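Contents: one structure, followed by commentary.
Read-outs: derived from the displayed coordinates by stated rules, not from any lab. It should be emphasised that the depicted structure is a prediction, and the values quoted were computed from it without experimental measurement. Cβ: placed from backbone, ideal geometry, glycine included. Neighbour counts: every protein chain shown.
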Amino acid sequence: MSQEHGPLMLLHLGQVPTVVASSSEAAQEIMKTHDLLFASRPNSTILNTLLYGCKDIAFSPYGEYWRQLKSIVTSRLLSNAQVKSYQNIREEETSRMMGALEESHGSYIDVTPLFDSLAEKIMCRVAIGRAYDGARLTSILKMYLTMFTRFSVGTYFPWFWWVDRVSGLLGKAEEATKKLDEFLEDVIEEHVNKKRGDDEGQDIIDILLNTQKDKTTGFTFERDTIKAVIMDIFGGGIDNTSTNLEWVLSELIRNPRVMQNLQKEIAEIAQGRSKITEQDLEKMQYLKAVVKESLRMHPPVPLLLPRIVTQDVKLMGYDISSGTQVLVNVWKMGRDSTVWEEPEEFRPERFLTNSINYKGQHFEWLPFGAGRRTCPGVLFSVVIIELAIANIVYKFDLALPNGTKHEDLDMSEKYGITVHRKFPLVVSASPRF
Ligand code: HEM
């Protein structure tokens, strides 16, 4: 549609006027020039049900509460130093995933459950201190996270919010939230009651409990806020990271030239060691370019999270009324042929010569958004992705089933807030040495 109607479209999604911006110029006006006016999120009964009245970061309306909470997240929970301190967890869980690949002994396996489990275990250990092995949390999370993708009549026809009650959608959302809430209550109680030594390292619940007691912040919050932040980390961290891993690996399999270049770079840096560590990643410029190129073609959240305009404003010369919902189409921007040479080609080399970084300053490439509402988990997820991919392609040669040629790998997408592969990525992994 953006091809046909241009970089700014007005759609009426039910009763909700929605502007879709699909060019870097439009994105820059939204997330830089007028960032403050576009810094809020739309609200709905279902989101309020799932997130304690939107007490989280991602869906909280713009205002003092959100500002204070986001500042805690970026300065205390996901700062550079804090992300570094989670290194052991990432390396241990990556080794565990590698073990599962080894145990497949070259038979065909679906890699998605491996990536889901890797991301889930890392997020759990970082956020709540343990991986909680076993199916209970996994099934609670599955039930809870799918609620964000269910169609809600009330979101698009606010007067008809009761339809979601009659259809049972709100009941299911309440049930899923209650189950996760009960689980998190137990985990928080464990944290409050146990006496942890300083040397045990702090998980996110510890940090939030300490912040709650810290009067110098001038910000008071209740336990619901702690639970809502943990829900954001599960919601924002697990699915997006796992999906990105699927797409990077798919593109590498489809592009043997790129795979060979990457294996060569990794082998030179690894010097025959048995695995890749996080220290090695800093030297792997081609790997970094591969991940960025994958995020260009397959941004896991292709329309970012919706924003809402809080004042009448002019956007690219058009009048946009206060209350309009705004989606930024980063999928289209990543494939814009006026910006990218041969945009349908997977060519990581373009990121070796441009200066695009993860700071959200290059408006033609925004897989994590930009401005006030940008993703605070960028550094954390990128290092998980780089470490997993580096280890997999260093240790294994991958092949598709039934002699499928690499160029025939189906790259269809499945519709959702997060865009997954439509078909599972099934490969055989043969040890390279
Ligand atoms: C590949 C992985 C990830 C991708 C592609 C991704 C993408 C995004 C995007 C597109 C947004 C919306 C930005 C905007 O509206 O401008 C966002 C917001 C957010 N993300 Fe991520 N994310 C990822 C990983 C994570 C991780 C690991 C965490 C937490 C540990 C996280 C937590 C959040 C939160 C809390 C927000 C809301 C920020 C706000 O509204 O102020 N994300 N993310």
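Couple of notes before you dig in:
- Cleavage-rule hits (chymotrypsin sites (Phe, Trp or Tyr not before Pro)) in segment 322-354: DSSP loop, at most 13 neighbouring Cβ within 10 angstrom: none
- Restricting segment 110-213 to chymotrypsin sites (Phe, Trp or Tyr not before Pro) that sit in a DSSP loop and have at most 11 other Cβ atoms within 10 Å of their own Cβ leaves 151.
- With K and R counted +1 and D and E -1, the other residues having a Cβ less than 12 Å from that of residue 78 yield a net charge of +2.
- When the pairs 121/227; 142/422; 32/142; 275/359; 288/395 are compared against a 25 Å limit on Cα-Cα distance, 32/142; 275/359 fall above it.
- Rounded to the nearest 500, the 222 nm mean residue ellipticity of the chain from helices alone is -15000 deg cm²/dmol, with -39,500 (n - 2.57) taken per DSSP H run of at least 4 residues.
- Sequence of 410, 336 once ranked by neighbouring C-beta atoms within 10 Å, starting from the fewest: 410, 336
- For segment 218-263, the set of GluC sites (Glu not before Pro) satisfying both a DSSP loop assignment and a count of at most 16 other C-beta atoms within 10 Å is given as 222.
- Net +/- balance of residues flanking residue 308 in space, Cβ distance below 15 Å, scoring K and R +1, D and E -1: +2
- Where Rh is the Kirkwood radius over Cα pairs, Rg/Rh for segment 2-426: 0.95
- Amide H contacts of residue 13 (H built 1.01 Å from N, in plane; Pro and chain starts excluded): 18 sit under 5 Å, all sequence-distant by 5 or more or on other chains.
- Using θ = phi - 60° in the Karplus curve 6.51 cos²θ - 1.76 cosθ + 1.60, the 3J(HN,Hα) couplings for segment 115-129 round to 5, 4, 5, 4, 5, 5, 5, 5, 4, 5, 5, 5, 7, 10, x Hz; x is entered for Gly and Pro.
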